[in-house]
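Novice: Sending over a structure as structure tokens; questions will come in a sec.
The values are calculated or read from the model by the stated rules, or taken from the named source; none is laboratory data. Remember, predicted model here, so these are calculated numbers, not experimental data. Because the Cβ atoms are built from the backbone with ideal geometry, glycine has one as well, and the counts that use them run over all protein chains shown. Please note that ligands, DNA and RNA were not included when accessible areas were found on the heavy atoms of the full protein model with its side chains. Shrake-Rupley method; radii C 1.70, N 1.55, O 1.52, S 1.80 Å.
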2 protein chains.
Amino acid sequence: MGEKDFSDRALTLVGDDSLSYVSREAFRAVRQAVTDPIARAGLIADLCRINTLFMIMQAGSGHIGSSYSSTDIITWLWTEYLRDPNGPSADADTYFSSKGHDAPALYSLLIAMGKLGFDLLPKLRQLNGLPGHPDVSTPFIAANTGSLGMGISKAYGMARANRFTGRGGRIVVMTGDGELQEGQIWESLQPVANERLAEITVIVDHNKLQSDSAVAAVSDLGPIEDKFRAFGWEVRRGDGHDFTVLRDTLAYFDTVTDKPKVFIADTIKGKGVSFMEGLACGDQTYHFHAGAPSLKDYGAAARELIARVNARLADLGQAEVTLTSAPVPVRIAPKQPERLVLAYGDELLAMARQRPEIVVMDADLLSDCGIEAFKAELPGRFIECGIAEQHMVSAAGGLALGGMLPVVHSFACFLSSRANEHIYNNATEKKKVIYTATLAGLVPGGPGHSHQSVRDISAIGAVPGLVAFEPCSEREARLAIRWAVEQNPGSTYLRFVNVPLDLPYAVPADYTLQAGRGAVLRPGTDVVIVGYGPVLLTNAWKAADELAAQGVSAAVIDLPWLNRIDEDWVRETLGRFPTIVTLDNHYLEFGQGVMVAAALARTGVRAAVVSIGITEVPACGANADVLAYHGLDGPSIARTVMQAQAPRLRQGFGGAGKPQASSPKPQA
Amino acid sequence: MGEKDFSDRALTLVGDDSLSYVSREAFRAVRQAVTDPIARAGLIADLCRINTLFMIMQAGSGHIGSSYSSTDIITWLWTEYLRDPNGPSADADTYFSSKGHDAPALYSLLIAMGKLGFDLLPKLRQLNGLPGHPDVSTPFIAANTGSLGMGISKAYGMARANRFTGRGGRIVVMTGDGELQEGQIWESLQPVANERLAEITVIVDHNKLQSDSAVAAVSDLGPIEDKFRAFGWEVRRGDGHDFTVLRDTLAYFDTVTDKPKVFIADTIKGKGVSFMEGLACGDQTYHFHAGAPSLKDYGAAARELIARVNARLADLGQAEVTLTSAPVPVRIAPKQPERLVLAYGDELLAMARQRPEIVVMDADLLSDCGIEAFKAELPGRFIECGIAEQHMVSAAGGLALGGMLPVVHSFACFLSSRANEHIYNNATEKKKVIYTATLAGLVPGGPGHSHQSVRDISAIGAVPGLVAFEPCSEREARLAIRWAVEQNPGSTYLRFVNVPLDLPYAVPADYTLQAGRGAVLRPGTDVVIVGYGPVLLTNAWKAADELAAQGVSAAVIDLPWLNRIDEDWVRETLGRFPTIVTLDNHYLEFGQGVMVAAALARTGVRAAVVSIGITEVPACGANADVLAYHGLDGPSIARTVMQAQAPRLRQGFGGAGKPQASSPKPQA
């Protein structure tokens, strides 16, 4: 069948209103029909690319570029090289990806191989589906990754465990190339070499792009091969899309028995779809790192992949692949969402124009931290550190000692934990540093627990002098960074939710920030719900609506201070309510709620106190599902409040419609 | 003057009952009399060694070996090379030590140079004296260090700040060699090279020993020069005790203007005193890493140094150096102290004999973690990771995935923070890992805030499924590790105080561990003091004695659970007291006290609640002074309780001698 014929047919399959995938039968047919391992791997890889794309379109997000650059490698590994990979036998080989965000590619392959159920294909990033980053709860996933740099250390531990328990098996770890900026990679190389753990092979998916920029532009890696060699590793480099190279390199590695090996695989980010492959000419930004492509791009990509597969099948005298279609998922976008991080970045830039001491630092998460405009306008005061959070934070300390005001950016999950000791070290120098931690909280729920930062208030909450603050609206975001720069003499940790939301509330018109004091967003008499940030407060509002329908008058208070509380404010404002509910977009342990409850005890406020927060490893899934699962959506909060109310009503604490406290006025 | 004459005289100066030091006048005399820079630097270095030893003897602790290996380097830098080092001029050079534990050597030199007051000489590790690790509050100290691996990143920040502000000046950073095991070192090298920050010079004090073992035995560094070169640095290597090599290398480095430079200085740990120099023949343990030497060793060392100085002065035709003597400080040792960490290690070893799945991991703090006996008896199940906490914890995750039970050791300050994200990552895999974190809390107060772990409960308290526990006695330490291994299906963080103490209490005879429930150590009626660990509970006991003398009956409760609380226990046991005092050997923010207070609010217990804990960066000093400074010694606790009692008495909450609650029976 010629190209044209296929295209016509593809148009009916991959149109504007449907997505296509390759069924397991179609995979089986190809595997049986094609006997040459090289040709077969190429076909399976491209068929997997079709399904990976389908999965990401279904999920609405996922890392295409990195999945595609690694697809050929994992296809060869899993279908031709590894023995009983991640299986139960005593000499089973182990494979996992340290970067982890190429998970869709591996899922796609595991589904094709029948190792994961085909029903999981549309369940990427869904509750009880396939997590955004690998998790050992999924069959054939060997390690939890998603936070970068840990993989070689984990492999070291696995290899030592194998030796302890008498198991055999090789261990193959995939890393990114941007990931090599993480110090732990180098920390882990030497012990593996010193102990001559030749069963470990690392494959660097060297696609030269990290997030949406060239690795060389972010933080050039220098001579990678020399670096690995200096750390005692056997090094080979070659084309990571050439199956003969993969075959020969791995065969060679099996002959090296006195040292660990690393294959620097030259790959192309987005490999397999022409317009997704690497940086477009003259472009400095890669557009297919994360997130689902547009439907138009999806269609073009799927058509290209299908065309190539069928052309190859035709060359091999085989029938074209059978595709199955599914409808495009419908997603409801917020109407007029507030984008706190962008507002923050805009306000920071406005201040930086006037304040030459402000320096912005980033760890390869530019666009998610609202600082693209800053970099464009003030590139001389923008420092891209790459995936090197520890270096970034200690460097910020050096900048602060040198008289600058560094504003440090990363995701909350990484900034608060990977650089935890470094934030503390800076704090002991008592110079001012601002830490801006985005992607905080339970949602987006798609990336999974490596990225859901629900532990950071605890992790940095006791750093001396560091005030933690989470704004709930664009306006409060602007106030927050202005307060951090202009008013707070010490250091600030600004915590941001990245999900754009339609907000049902606004902070009071005359609102000013006063440490440890909240603002009443919605008056009420029976219950007060205290929280922070747009996710909690939007759902508190929804809960208050539901409670109102049940005759319970619930106030909603924005308390953006995460580790500071004003006991006078607690007495005056919270002390009026018979029931006090705290919400945490964070674990219950050592979140804001425990601080509020402790303050109630210290101030002698007598009330029924209920704390709602996260109590287990966060679930991965669609935002609404994840919030509901953890009891943090409006209906769940309302239910919990009603349960807490009921016995109190019986005990005569005052009831719905019988105000025990006057409705507090909006205040700061 | 001949050797013999000097020795006789030295015997009268450096005897069994006095310490000797070199006065500033004596330094001045040498500096004026000796004009050859090389000879002068050698003399000053040895004179400084005398004073460094004096300081460490005065303090009772301090790092001699590392101070001595770096003394020649810093002497050359500060007296011959650096321009206005750490001074105010626009082109002042900057120097700091990234390893930081060589601080006594630098202090000694700064005092000799008149940059620090001579009155500080006897005040190493004293309150308002010279901190155990560098702190910018001390004049001419450029950065806070003591946690390893941060220095090159800090230098990067300082260099960038200089460029932003138009200042000149070179930046010289000293690192250790064991320190090169830290991943952050390698994380920081590439950005410095990529930006061609030629103003930065790193000097590696390559003394081949870390803590008390050979670097090569702990985690060999491989070809260090190749490694730095592969990361883009200009590398030279040479004798770090040869002033002509130092002079020529630094002069050469000044001609290299397109890249940063590193000098691998081959040095000898303990250099300058024959019996402190490196490992003794056939010995695998270095005996002069930290801690003051015996008085006998002190005398021999001082005599050797003085003899050499005077011999050199005699060769130069100069008078011998004048020494001043001071009495040996008197220290009161505890009589029958409990050593929790040793008891823990003993119990762990006992279990490991029966349980082949137990693997012990260490990050170069073997002797401080109570696992020397384990290593000696079960070397095959002991993994020394070196100064590589991130690698160690991720490797533990790999071991756990492979079916082993890793027990991971380091100081609490490093384990909880440097490996913070890694502990979380392991937790999400839901395999069992035990983290043993020693040197927890405010004391010993000598090392300073880099080592005083008063933030770790917060830092790891919200790791899902991780139970944090601090034992208060040898018996509870044994119970704790046994519970962690045998009873807790999940992971445990064991927090240990290392200070040996005479304990006034014992846990009840029938005591068993029940999550979230405490044990009454001392009954009482008016007040209950709740705490954990030997430091808090010993001081709570002392406070209770003082309170008893004032007519207030104070109970003392051991609540070893740091992030778990049983609300029934709170109601039953704490609910009986009119005044509840929580103690934290930790910051008030997100310590145990806030958990207890929050539980009081949630359970509706009505009482006066007072929380005592740390509220600022920990002070450095003698243990008793530091505890008093932070309000955690017995008298301070008693005072705070009395203040909390007083208004309550007036408000009719019940008073001293009028029991409001029956005295609870000892219970678990």
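Novice: Need pairs with beta-carbon distance below 9 Å; first residue assigned by TED's automatic domain parsing to the domain that holds residue A:173 and at positive phi and within segment A:204-221, second among the small types (Gly, Ala, Ser) and crowded, with 22+ Cβ neighbours inside 10 Å; sequence gap 6+ or separate chains.
Specialist: So the pair list comes out as A:211/A:178.
Novice: A further question on this structure: Could you please give the count of residues in segment B:206-241 that are part of a helix (DSSP H, G or I) and of a type outside the set (Phe, Trp, Tyr)? Give the steps one after another, and end with the answer.
Specialist: Step one: list which residues in segment B:206-241 are part of a helix (DSSP H, G or I), which gives B:215-219, B:224-230.
If we keep only those that are of a type outside the set (Phe, Trp, Tyr) too, we end up with B:215-219, B:224-227, B:229-230.
Going through segment B:206-241 one residue at a time, the tally reaches 11.
Novice: Restricting the search to segment A:350-377, which residues are within 13 Å of residue B:160 (Cβ to Cβ) and either away from chain B (no Cβ under 11 Å) or open to solvent by 10 Å² or more (accessible area, probe 1.4 Å) (or both)?
Specialist: If the condition is that a residue be within 13 Å of residue B:160 (Cβ to Cβ) and either away from chain B (no Cβ under 11 Å) or open to solvent by 10 Å² or more (accessible area, probe 1.4 Å) (or both), then A:357, A:360 are the ones that fit.
Novice: Free of Cβ contacts under 8 Å to residues at least 12 places away in the same chain and on the phi > 0 side of the Ramachandran plot: is that true of residue B:278 in this structure? First the steps, then the outcome.
Specialist: Numbers: free of Cβ contacts under 8 Å to residues at least 12 places away in the same chain: no; on the phi > 0 side of the Ramachandran plot: yes.
Here the answer is no, as residue B:278 does not meet what is asked.
Novice: A follow-up question, please. Could you count how many residues in segment A:309-366 are within 27 Å of residue A:377 (Cα to Cα), of a type outside the set (Val, Ile, Thr) and in a strand (DSSP E or B)?
Specialist: Result for segment A:309-366: 3.
Novice: Continuing with this model, one more query. Could you tell me which residue of segment A:378-401 is farthest from the other protein chains (Cβ to nearest Cβ), considering only residues that are part of a loop (DSSP other than H, G, I, E, B) and open to solvent by 10 Å² or more (accessible area, probe 1.4 Å)? Step through it out loud before you land on a result.
Specialist: Initial filter on segment A:378-401 (part of a loop (DSSP other than H, G, I, E, B)): A:378, A:385-388.
Retained after the next criterion (residues that are open to solvent by 10 Å² or more (accessible area, probe 1.4 Å)): A:378, A:387.
Working: A:378: 12, A:387: 9 Å.
Taking the candidates together, the pick is A:378.
Novice: A further question follows. Going by the structure shown, is residue B:282 crowded, with 20+ Cβ neighbours inside 10 Å and either part of a loop (DSSP other than H, G, I, E, B) or not assigned by TED's automatic domain parsing to the domain that holds residue B:63 (or both)?
Specialist: Working: crowded, with 20+ Cβ neighbours inside 10 Å: no; either part of a loop (DSSP other than H, G, I, E, B) or not assigned by TED's automatic domain parsing to the domain that holds residue B:63 (or both): yes.
It is false that residue B:282 is crowded, with 20+ Cβ neighbours inside 10 Å and either part of a loop (DSSP other than H, G, I, E, B) or not assigned by TED's automatic domain parsing to the domain that holds residue B:63 (or both).
Novice: Of all residues in segment B:451-482, count the ones that are open to solvent by 10 Å² or more (accessible area, probe 1.4 Å), out of contact with any helix residue (DSSP H, G or I) (no Cβ under 6 Å at 6 or more places or on another chain) and either within 14 Å of chain A (Cβ to nearest Cβ) or among the β-branched types (Val, Ile, Thr) (or both).
Specialist: 2
Novice: Is it the case that segment B:431-443 has a residue that's within 16 Å of residue B:491 (Cβ to Cβ), within 9 Å of chain A (Cβ to nearest Cβ) and either surrounded by fewer than 24 Cβ atoms within 10 Å (Cβ to Cβ) or touching a Ser or Thr at 6+ places or on another chain (Cβ under 7 Å) (or both)? So that I can check it myself, show each step before the final result.
Specialist: Our first condition is that a residue be within 16 Å of residue B:491 (Cβ to Cβ); within segment B:431-443, this holds for B:431-437.
So of that shortlist, the ones also within 9 Å of chain A (Cβ to nearest Cβ) come out as B:431.
So of that shortlist, the ones also either surrounded by fewer than 24 Cβ atoms within 10 Å (Cβ to Cβ) or touching a Ser or Thr at 6+ places or on another chain (Cβ under 7 Å) (or both) come out as B:431.
Checked against the condition, which is being within 16 Å of residue B:491 (Cβ to Cβ), within 9 Å of chain A (Cβ to nearest Cβ) and either surrounded by fewer than 24 Cβ atoms within 10 Å (Cβ to Cβ) or touching a Ser or Thr at 6+ places or on another chain (Cβ under 7 Å) (or both), segment B:431-443 yields at least one hit.
Novice: From the set of residues in segment A:402-420 that are open to solvent by 10 Å² or more (accessible area, probe 1.4 Å) and farther than 23 Å from residue B:164 by Cβ, which is farthest from the other protein chains (Cβ to nearest Cβ)?
Specialist: Looking at the filtered set, the residue picked out is A:411.
Novice: Of all the residues that make up segment B:147-175, how many are more than 7 Å from chain A (Cβ to nearest Cβ) and open to solvent by 10 Å² or more (accessible area, probe 1.4 Å)? Can you show your working first?
Specialist: Let us first name the residues in segment B:147-175 that are more than 7 Å from chain A (Cβ to nearest Cβ), namely B:148-149, B:151-152, B:159, B:163, B:166-175.
Narrowing the set further to residues that are open to solvent by 10 Å² or more (accessible area, probe 1.4 Å) leaves B:148, B:163, B:166-170.
The qualifying residues number 7.
Novice: Which condition does residue A:246 not pass, out of (1) assigned by TED's automatic domain parsing to the domain that holds residue A:202; (2) in a loop (DSSP other than H, G, I, E, B), if it passes all the others?
Specialist: Failed condition: (2).
Novice: When you scan segment B:143-175, how many residues do you find that are of a type in the set (Ser, Thr, Tyr) and part of a loop (DSSP other than H, G, I, E, B)? Spell out how you get there, then give the answer.
Specialist: Taking segment B:143-175 and keeping what is of a type in the set (Ser, Thr, Tyr), we get B:145, B:147, B:153, B:156, B:165, B:175.
Those left that are additionally part of a loop (DSSP other than H, G, I, E, B): B:145, B:147.
Summing the residues that are of a type in the set (Ser, Thr, Tyr) and part of a loop (DSSP other than H, G, I, E, B) in segment B:143-175 gives 2.
Novice: Report whether or not residue B:223 is buried (at least 22 other Cβ atoms within 10 Å of the Cβ) and within 14 Å of chain A (Cβ to nearest Cβ). Please lay out each step first, then the result.
Specialist: Details: buried (at least 22 other Cβ atoms within 10 Å of the Cβ): no; within 14 Å of chain A (Cβ to nearest Cβ): yes.
When the stated conditions are applied, residue B:223 does not pass them.
Novice: Restricted to segment B:57-89, and to residues that are touching a Ser or Thr at 6+ places or on another chain (Cβ under 9 Å) and part of a loop (DSSP other than H, G, I, E, B), which residue is surrounded by the most Cβ atoms within 10 Å (Cβ to Cβ)?
Specialist: Among them, the one singled out is B:62.
Novice: Answer yes if at least one residue in segment B:321-339 is in contact with an Asp or Glu (Cβ under 8 Å, 6 or more places away or on another chain) and either within 14 Å of chain A (Cβ to nearest Cβ) or open to solvent by less than 20 Å² (accessible area, probe 1.4 Å) (or both), and no otherwise. Talk me through it step by step, then tell me what you get.
Specialist: Initial filter on segment B:321-339 (in contact with an Asp or Glu (Cβ under 8 Å, 6 or more places away or on another chain)): B:322, B:327-328, B:334-339.
Right, trim to either within 14 Å of chain A (Cβ to nearest Cβ) or open to solvent by less than 20 Å² (accessible area, probe 1.4 Å) (or both) and you get none.
No, segment B:321-339 contains no residue that is in contact with an Asp or Glu (Cβ under 8 Å, 6 or more places away or on another chain) and either within 14 Å of chain A (Cβ to nearest Cβ) or open to solvent by less than 20 Å² (accessible area, probe 1.4 Å) (or both).
Novice: To continue, here is another question. Out of all the residues in segment B:563-616, which are aliphatic (A, V, I, L, M) and open to solvent by 20 Å² or more (accessible area, probe 1.4 Å)?
Specialist: Narrowing segment B:563-616 to residues aliphatic (A, V, I, L, M): B:565, B:570, B:574, B:580-581, B:583, B:588, B:594-601, B:605, B:607-610, B:612, B:614.
Result: B:565, B:588, B:605, B:610.
Novice: Would a scan of segment A:195-203 turn up a residue that is under 16 Å from residue A:102 (Cβ atoms) and within 28 Å of the chain's Cα centre (by Cα)? Please lay out each step first, then the result.
Specialist: Quick first cut of segment A:195-203, residues under 16 Å from residue A:102 (Cβ atoms) only: A:202-203.
Still in the running and within 28 Å of the chain's Cα centre (by Cα): A:202-203.
Yes, the conditions are met somewhere in segment A:195-203.
Novice: While we're here: Scan the helices (runs of 4 or more DSSP H) fully inside segment A:545-633 and keep the ones with 2 or more residues being within 9 Å of chain B (Cβ to nearest Cβ), within 35 Å of the chain's Cα centre (by Cα) and closer than 15 Å to residue A:461 by Cβ. Talk me through it step by step, then tell me what you get.
Specialist: On the way: elements: A:567-573, A:592-603, A:623-629.
Filter on segment A:545-633 gives A:592-603.
Novice: On to the next question. Which count do you get for residues in segment B:176-196 that are crowded, with 21+ Cβ neighbours inside 10 Å, more than 10 Å from chain A (Cβ to nearest Cβ) and not in a helix (DSSP H, G or I)?
Specialist: Total satisfying the criteria: 2.
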